[in-house]
1. Got a number for residues in segment B:59-81 being modelled with pLDDT of 80 or more, more than 22 Å from B:Tyr178 (Cβ to Cβ) and surrounded by fewer than 20 Cβ atoms within 10 Å (Cβ to Cβ)?
2. Which one of the conditions (1) outside the structural domain of B:Ala460 (by TED's automatic domain parsing); (2) hydrophobic (A, V, I, L, M, F, W, C); (3) modelled with pLDDT of 80 or more does B:Leu560 fail to meet, given that it meets all the rest?
3. Mind checking whether some residue in segment B:614-623 is over 25 Å from B:Leu403 (Cβ atoms), surrounded by 24 or more Cβ atoms within 10 Å (Cβ to Cβ) and either assigned by TED's automatic domain parsing to the domain that holds B:Ser729 or modelled with pLDDT of 90 or more (or both)?
4. Could you check A:Phe129 against (1) touching a helix residue (DSSP H, G or I) at 6+ places or on another chain (Cβ under 6 Å); (2) away from every other protein chain (no Cβ under 14 Å); (3) surrounded by 21 or more Cβ atoms within 10 Å (Cβ to Cβ) and say which number it fails?
5. Here is a list: B:Val236, B:Val185. Which entry is under 29 Å from B:Phe448 (Cα atoms), more than 26 Å from the chain's Cα centre (by Cα) and not small (Gly, Ala, Ser)?
6. Can you tell me which residue within segment A:89-117, out of those that are crowded, with 17+ Cβ neighbours inside 10 Å and among the hydrophobic types (A, V, I, L, M, F, W, C), is farthest from the other protein chains (Cβ to nearest Cβ)?
7. When you go through B:Thr714, B:Thr691, B:Thr705, B:Thr731 one by one, which is the residue that is of a type in the set (S, T, N, Q), in contact with a helix residue (DSSP H, G or I) (Cβ under 8 Å, 6 or more places away or on another chain), in a helix (DSSP H, G or I) and over 30 Å from B:Phe643 (Cβ atoms)?
8. With respect to B:Lys86, is the statement that it is crowded, with 20+ Cβ neighbours inside 10 Å, part of a helix (DSSP H, G or I) and at pLDDT below 90 true?
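The values are calculated or read from the model by the stated rules, or taken from the named source; none is laboratory data. Small disclaimer: the values here were computed from a predicted structure and weren't measured. Positions of Cβ are generated from backbone atoms using ideal geometry, with glycine treated the same way; all protein chains shown enter the neighbour counts.
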Amino acid sequence: MNLRKILLAGVALAGILGGNTAYSEQYTAREIMILNEAARKADISETAELEMTLIDRDGRSRTRRVLFILDDTDPTLRKSYMKFLSPRNVEGISFVQIEHAAEDNDRWLYLPSLRRTRRISGNTKTDSFVGTDFSFEDFEILDGTVAGTNRDYEILRVEEKMGHETWVIEAIPATDEERAVTGYGRRVIWISQEHFHAVYTEFYDHDDVLFKVMTADNFGFVEGGDENEYRPHRLTMETLKTGHQTVINFYDFVLNNPLSSQMFTREYLSRG
Amino acid sequence: MSFRDSYASAITGHPIKVIISMIIITLIIGSGLGDLTVRTNQDGDLPKSDPMVQTKDRIDGVFGDKTEIMIGIQSDTIFRPSTLQKVADISNDLRHVSYVVPDQIRSLSTVNNVVPNEWGLQVGEFMKSVPKTAEEAETLNQAVRDNKLVQGRLVSESGDFTVISAKVEEGYDQATLYNAIYEIVEQYEGPERFYVTGEPIFTQEIDGGIQKDTAVLIPLALLLIMAGLLICFRSVTGVLLPMLAVVLSIVWAMGMMGHLSLPQTAVSSALPLLLVTIASSYTIHLLIYHNNERSGDDRTRSALSRIMPSLIMVGVTSALGAFSLYVFEILMIREFAIAATIGVFSALIINLTIIPAILQIISRRKKPSQDSGPSKPTWLDRRLIAVSMYSFKNSKKVVLVYLGILVIAFIGVSKVKTGLDFLNLFEADNQAKVAFNVFNEKIGGARFINVMVEGDEQGAVQRAETLRQMREFQNYMERQPGVGYTNSIADVLEQIAESVEGERGAEVVIDNDKQVAEYLMLYEMSGSPGDFSDLVDYDYRRAKIQLMLTTSSPDDHKHLYDLAKQYTDEHLGPSLRADFGGDVILWLAQDGYVVKGKILNILMAIAIIVVIVAFSFKSIAAGLLAIVPVAFGVTVTFAIMGFFGLRLDMPTSIITGLAVGIGIDFSIHYLTRLKKEMSATNDYERSLAATSTTSSKAVLFDTFTNMLGFSMLTLSQFLPVQIFGYLVSLTMLLMGASAIILYPALINIVRPKFIFTHQETIQRSAYEPA
């Protein structure tokens, strides 16, 4: 059993023993975030077809579909693979990112018309993810057993949000190193008491100005995980100043598909 | 008793009541001064229907109506940790300045670099962190040299200059922005030299400079005018009453501006000047009439009664002349037209009420003084009579000389240039001028024309063919003198392509659409999505090409615009079209309106004068005669501008408004007096003499005092103010001299019926050829 299952068992146990109101008081903010991490991660992999719709202030939109595969086998550092399916002019472009703990992440991009694979620098987490309102940072696990040590957490209050009973948790970078690399001076996260997923997140910049808001909804069961493996199937990130937003819809969301060991290499990219 | 007699009796019979009620009215109107606002941006000043404005609006609709401010830093080398730190700090400080768009600041610490290296492609900020050592700084220097999007554009070729530019939101307040930018720059100044430029900086430098200078020089001008009045009238009353009229008129006009929510602008700062001349002129005429009346209780009443018709006529024509500025399709000038009309009417009302009331009280007190009755002809009177007589006796000669001058003047008028060349406005050591030249020399310019290339469908800009056409257009424009460099998405793509191909310096050809999409994706994967928003629109349907200009001459700007327009009309296609924008285009469009407005304005003003004067005198000849000094003055002034290469721009345009206002006074007073004398004596020579000592004298005093006052402006350190001073003085002199010298001759030759009414005169004209 991995950490996630132990924790979920703990949650279940607490629920049985203490009843609904009692267990919320049992968790510290940090524990809730560890449970959040557990709820987000799979054991082996996550596979989905993502439809990314970018919508500008005037309602004009661009849609791209990508095949997205995440390698969750390493509990702290993830590997991701992405292949563009549409529109036509970007079809076949594929991308691999390998997170590193100490150095810059590796990012490789394969350009089919040039038949070339290029490494691109992954020097900042704050860079936009493929032109969306999400940054690379948003796809990393920022909280939890490992990453959480760089942050301080506090439960601000308990409230109902978007139909969920939630804990409202504030996350603040705890170290100067972390402050230097993150784009967020502060996050306020609404965590569902039911399934520990964040349903709503506010992102504040280093001047403590709210600049992005993310909502997660369309929760549903996914294949390949435990019985009650619950995931959001839609993420919406809005950049407040520009009014630009990105909606990511998840289709064919499957957990723990076996991974080819080749998948996250430069060579695999060009073979598609 | 006629209306004017009963009116004059009413005013002079109850002077205290008049004074008190006028004080109350002044307080009420003056309360509007508190509501006066200042507007210092150019927004919305041009009509929306203008094709140039429309094309600019189309670009603004896509890329935003944002202008730029630029801060240049110069040092022997900017690649030094301390200097680079300043670049980073200033870039950061700028984010907090009001009106600056925080994520559209370009500097070494914000722009992305795309470079190939042994393992692939690196996209990232040039200065992820500020270099701490000389070696790190040198590495940065090398990176800059390898990037053609930055080398020579963001950093000078020799590495001794770099620029931090920031986009500014629409509707910015130019004065606030200007001060905020300088506040930042002053903090970091030295040992590096800092230069600030950009459209908001230029215009604020001009407007602020004019305002600052006039604030000092107008009071000085008023003092000189007072001295002039003292010389003319040799009495305290002669000084104080015109000044009182001026001050009250200004309070009324500016107060009404406040009540009507008309903001103060660069143009309306000329209003006090206009009122100084007009209001004081009305009082001068009144005083001269007053001095020529026999002394006694009745003196003011009869002077007022006599001058009233011409004062009203003068006031109405001047007001309409001022209002004729409304034909300008530039908002600032239109607002000025309204304010100036109110101002002229204020001056008229004040000179018909409180001024005669005060005059009545003063002259009543002075009753037993030596100042009794119309004085004997003075030295000045005799000279004025002599001039009139000379002109009368040499009528043909005088008129021919005037015609000769006019012919030469027309040559000059044809040479008048329009538009505003910023550089010519400033003295050699002016900050904005120096900065502009440094930017031109170091990084290929500080001003620009934007060209928007638009396709017929989404993704048009992602086509290799579109990019090829854009590149060719850019190459064509870069060959033109006055263009520093050009920039568009095509440049960025080439840079990326070069990096991907990995062969530095090799000619990269982007020849298929998929390749374009992939390069863009490559960049998007690493940059932030805002990176291109200034170069392409969301749908990739439109792209912006920025043509950086190293010339400040509006003639060059027009030429480049014409070339670009011609090129895009002929070569762009089949589904592509081009629009033009940027502040330079706005100025070009404005020039068109200044010229068009000017011509319309002159024609309107002339028409108004002819009609009103013709109606009042019941004679078309009177109308035509009245405009002669005005037309002459304006024509010769324009001619001088043409010969000296002075441009017709907004400030100089206002001179016509002033000129018409003042010049028509001269004509009307002169013609009215002459007509009256003729109907009394029926003797042209005697009438001329009498007119000389009254109207001519008033015209002379008026011209003299105002010229004295405006001569102060020529001391300004600021060229537009200097030129304004010279031109207004010149126009006044020309019009004053025309009334005094030309009229005796011209009227003698023309022999209009409204003056030569009597039988005897007609007979006389029968044997004196016309």
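1. Within segment B:59-81, residues that are modelled with pLDDT of 80 or more, more than 22 Å from B:Tyr178 (Cβ to Cβ) and surrounded by fewer than 20 Cβ atoms within 10 Å (Cβ to Cβ) number 5.
2. (1)
3. Among the residues of segment B:614-623, not one is over 25 Å from B:Leu403 (Cβ atoms), surrounded by 24 or more Cβ atoms within 10 Å (Cβ to Cβ) and either assigned by TED's automatic domain parsing to the domain that holds B:Ser729 or modelled with pLDDT of 90 or more (or both), which makes the answer no.
4. Every listed condition holds for A:Phe129 apart from (2).
5. Unique residue meeting the criteria: B:Val185.
6. A:Ile98
7. Sole residue among the options that is of a type in the set (S, T, N, Q), in contact with a helix residue (DSSP H, G or I) (Cβ under 8 Å, 6 or more places away or on another chain), in a helix (DSSP H, G or I) and over 30 Å from B:Phe643 (Cβ atoms): B:Thr691.
8. When the stated conditions are applied, B:Lys86 does not pass them.
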